[in-house]
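J.: Dumping the structure here so I can ask a few things about it.
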2 protein chains.
Amino acid sequence: MQSEYLRVPKAELADLVAGILAGSGLPPEDAGVAADVLVRADMRGIESHGVSRLRAYYLDALRAGHINPRPVIRPTRRSGAVAVVDGDNGLGPVVAWRSMRLCLELAGESGLGLVLTRRSNHFGIAAYYALMATAENMAGFTLTNSQPLTIPTHGRRRLVGTNPICVAVPARRCRPFVLDMATSVVPIGRIQLHSRLGRDVPPGWGADGEGRPTTDPGCILQEGGLFPLGGPAATAGYKGYGLAAAVDVLAGVLSGAAFLDGVLPPGHADPSDVGHAFAAVRLDLLGDPDDLKDRMDRFILRLKACPPGAGGEAVLVPGEKEYWEEEIARAEGVRVRREVLAGLRAEG
Amino acid sequence: MQSEYLRVPKAELADLVAGILAGSGLPPEDAGVAADVLVRADMRGIESHGVSRLRAYYLDALRAGHINPRPVIRPTRRSGAVAVVDGDNGLGPVVAWRSMRLCLELAGESGLGLVLTRRSNHFGIAAYYALMATAENMAGFTLTNSQPLTIPTHGRRRLVGTNPICVAVPARRCRPFVLDMATSVVPIGRIQLHSRLGRDVPPGWGADGEGRPTTDPGCILQEGGLFPLGGPAATAGYKGYGLAAAVDVLAGVLSGAAFLDGVLPPGHADPSDVGHAFAAVRLDLLGDPDDLKDRMDRFILRLKACPPGAGGEAVLVPGEKEYWEEEIARAEGVRVRREVLAGLRAEG
């Protein structure tokens, strides 16, 4: 039987995607940045944020004129270690990349940088931008808000996004620590997959239209919504809801972007007005960077030395699985679904 | 029947606690700070972090010489918007208060401040320090590591702390947004309470000595440990574990403090070497502060307008419950357990 997936060399896939984006009006440099962000998601095993989204999240919107292919991305405020960036409804990965570049510049000057960005769009994987910081011996942080898919604890309407949090810190001999997590229990795609396969979802993933736990994926998709991390109130879902809300306060409210159900989904004719937050801290202001990275190694190795539980699976360090995926992709090519690649080649 | 609780005027309770701490060797100013932190916890309804902990967490350690009553708390590094503070094994609330003061000073200069603190101890409620920022028109952030009580996903040993995260942002007519949450599903005290009452705990709170979910509180306390927020892997407990680990990286590893099971519990003869992280951002560098606080009001009111689910309970904004408790405490006195107050009066 033919495998569903092919392996494509990274450069080939990135060139293909960049060419398609440039063909939709993006300046070549921006097309290259966006292609690198999307391909990196596939390399890290995050297929849901990779090249398979090119059409629905980016191309269709560019072609329909819903996303600005040549935005004027600029800081509207910049003072000390802080800046606010207007994304001018540009492609999310382009706006986010520029914002994080500015953040690294601020951190270079002040030891610490914070950039809040408004009028952006879906930016792909948060880890991409936080890892820009680790490459420069800094700790990196990325937050973004997103379209409302999660029901607040005790509520019955989708009001908060799946608002991810990413923290990346470099180590010395070990790979960087990279936490990149949505603040909902699972992404909506996991519910959709169960629905397509005609399977119930495990309890604790989603709620029905009355906010009650349900295992029926159709009910979650049509009337209900996702539970925040923690699930219902009895298992502290209010903490996941609180985290999602805090991300929205920083990335949405304080940046001047849309927030809560004001954030429009990709594909909407009006601008999504997504908000992001980026931060970076130089390790050399906290101590000797090599000493600190040695301490990171010791932290990571101590976690890896944790004896496994009854399931027999090893304890993972955040970012470890994605690192292995990325190493395999570098050696053997990026794993892409056969029909996705065919679609890209038809566009290219 | 006599109530378990009494209401005591705030000033009276704070003076009583400050007097006891000063009697144990603390300079009067430091005793006042620590008393205010503890009393504020009771005012906010967080009894587990209030004056009932005075003896076990603070006095016993001071009297046994395990905590330094007259520490030299000083920045070992300070550059741009960043500082690293050595707490000299002082009382946690005193070290944390000084660290946050420095952080607000850095933010005053650079718009943004970050202070990482090592060689500290249990500091009470994280919200106290983050709220010092909101009082000055800044957003405030507090993180701390703590003794290991949580089992990493797939593991079977307590290795990470309950490492709380606090984010506080001021609003205009509404009260500040204040998320203050441990990254475990519940605090260990909730398991102890169920154990004392001879009741099972709900599924998803804790694991046995093999890392498997259990509802037996004795088993969680003796052989197992707490689940990170999210519970077992099937309900994304790896996210809560990742958050707890990220807090430890920032507050423990990068500050130069102890981390993971290197953090010793209160009461241990050797210094706990707890690590904290504090950050603050000036709203006036992000936009017009009144406009931003109006946006916070709109965010909060939009959440409050979420229709309630089948349980009929209202959707809460993070910090709302604690705010009401605090208002009641200001009007009617701080709620203290009768025997706790008797204990304090016997000390005082």
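J.: Report yes if some residue within region A:156-168 is among the aliphatic types (A, V, I, L, M) and outside any strand (DSSP E or B); otherwise report no.
T.: Yes, there is a match, as at least one residue in region A:156-168 is among the aliphatic types (A, V, I, L, M) and outside any strand (DSSP E or B).
J.: Something else about it: Show the residue pairs meeting these rules: Cβ distance below 8 Å; 6+ apart or different chains; first residue within region A:103-115 and at the interface with chain B (Cβ under 9 Å from one of its Cβ atoms); second residue in a helix (DSSP H, G or I) and at pLDDT below 95.
T.: What qualifies is A:110/B:110; A:112/B:110.
J.: Sort out which residues of region B:82-110 are of a type in the set (Gly, Ala, Ser) and modelled with pLDDT of 95 or more, and write them in order of number.
T.: Within region B:82-110, B:83, B:87, B:90, B:92, B:96, B:99, B:107, B:108 meet the criteria.
J.: In region B:237-257, what count of residues is obtained for those that are more than 13 Å from residue A:318 (Cα to Cα), crowded, with 24+ Cβ neighbours inside 10 Å and either touching a helix residue (DSSP H, G or I) at 6+ places or on another chain (Cβ under 8 Å) or within 7 Å of another protein chain (Cβ to nearest Cβ) (or both)?
T.: Number of matching residues: 4.
J.: Check whether at least one residue in region B:125-134 is in a loop (DSSP other than H, G, I, E, B), away from every other protein chain (no Cβ under 14 Å) and either surrounded by fewer than 24 Cβ atoms within 10 Å (Cβ to Cβ) or modelled with pLDDT under 95 (or both), and report yes or no.
T.: For region B:125-134, residues in a loop (DSSP other than H, G, I, E, B), away from every other protein chain (no Cβ under 14 Å) and either surrounded by fewer than 24 Cβ atoms within 10 Å (Cβ to Cβ) or modelled with pLDDT under 95 (or both): absent.
J.: Restricting to region A:105-124, what's the tally of residues that are part of a loop (DSSP other than H, G, I, E, B) and either farther than 14 Å from residue A:46 by Cβ or over 20 Å from the mean Cα position of the chain (by Cα) (or both)?
T.: Here the count works out to 2.
J.: Quickly run through region A:66-90 and pick out the residues that are touching a helix residue (DSSP H, G or I) at 6+ places or on another chain (Cβ under 9 Å), of a type outside the set (Lys, Arg) and away from every other protein chain (no Cβ under 14 Å).
T.: A:66, A:67, A:68, A:69, A:71, A:73, A:87, A:88, A:89, A:90
J.: Looking at residue A:233, is it over 23 Å from residue A:73 (Cα atoms) and within 17 Å of the chain's Cα centre (by Cα)?
T.: Considered against the rule, which asks whether it is over 23 Å from residue A:73 (Cα atoms) and within 17 Å of the chain's Cα centre (by Cα), residue A:233 comes out as no.
J.: With the checklist (1) touching a residue at least 24 places away in the same chain (Cβ under 8 Å); (2) surrounded by 21 or more Cβ atoms within 10 Å (Cβ to Cβ); (3) of a type in the set (Gly, Ala, Ser) in hand, flag the one item residue A:195 doesn't pass.
T.: (2)
J.: What residue, among those in region A:288-313 that are among the small types (Gly, Ala, Ser) and at negative phi, is farthest from the other protein chains (Cβ to nearest Cβ)?
T.: Result: A:305.
J.: Of all residues in region A:288-340, which are touching an Asp or Glu at 6+ places or on another chain (Cβ under 7 Å) and either free of Cβ contacts under 8 Å to residues at least 12 places away in the same chain or of a type outside the set (A, V, I, L, M, F, W, C) (or both)?
T.: Once the filter is applied, which keeps residues that are touching an Asp or Glu at 6+ places or on another chain (Cβ under 7 Å) and either free of Cβ contacts under 8 Å to residues at least 12 places away in the same chain or of a type outside the set (A, V, I, L, M, F, W, C) (or both), region A:288-340 yields A:309, A:310, A:335, A:337, A:338.
J.: Pick out the one residue from B:148, B:203 that is over 14 Å from the mean Cα position of the chain (by Cα), at pLDDT below 95 and not polar (S, T, N, Q).
T.: One residue alone meets the criteria, B:203.
J.: May I ask you to list pairs of residues, at least six apart or on different chains, whose Cβ atoms are under 7 Å apart, with the first in region B:235-250 being on the phi > 0 side of the Ramachandran plot and the second being not charged (D, E, K, R)?
T.: Hits for this filter: B:236/A:185; B:236/A:186; B:236/A:229; B:236/B:230.
J.: On to the next question. Considering only residues that are of a type outside the set (A, V, I, L, M, F, W, C), more than 8 Å from every other protein chain (Cβ to nearest Cβ) and touching a strand residue (DSSP E or B) at 6+ places or on another chain (Cβ under 9 Å), look in region B:210-222 and name the one that is surrounded by the most Cβ atoms within 10 Å (Cβ to Cβ).
T.: B:217
J.: Next question. Considering only residues of region B:328-338 that are touching a helix residue (DSSP H, G or I) at 6+ places or on another chain (Cβ under 9 Å) and part of a helix (DSSP H, G or I), which is surrounded by the fewest Cβ atoms within 10 Å (Cβ to Cβ)?
T.: Among those residues, the one meeting the criterion is B:330.
J.: Test each condition in (1) more than 19 Å from the chain's Cα centre (by Cα); (2) more than 25 Å from residue A:41 (Cβ to Cβ); (3) crowded, with 18+ Cβ neighbours inside 10 Å; (4) not aromatic (Phe, Trp, Tyr) for residue A:296 and report the one that comes out false.
T.: Going through (1) more than 19 Å from the chain's Cα centre (by Cα); (2) more than 25 Å from residue A:41 (Cβ to Cβ); (3) crowded, with 18+ Cβ neighbours inside 10 Å; (4) not aromatic (Phe, Trp, Tyr) one by one, residue A:296 breaks only (2).
J.: Within 27 Å of residue A:138 (Cβ to Cβ) and among the hydroxyl-bearing types (Ser, Thr, Tyr): does that describe residue B:48?
T.: When the stated conditions are applied, residue B:48 does not pass them.
The values are calculated or read from the model by the stated rules, or taken from the named source; none is laboratory data. Quantities reported herein were computed from a predicted structural model and do not represent experimental measurements. Glycine also receives a Cβ, built like all others from the backbone with ideal geometry; neighbour counts cover every protein chain displayed.
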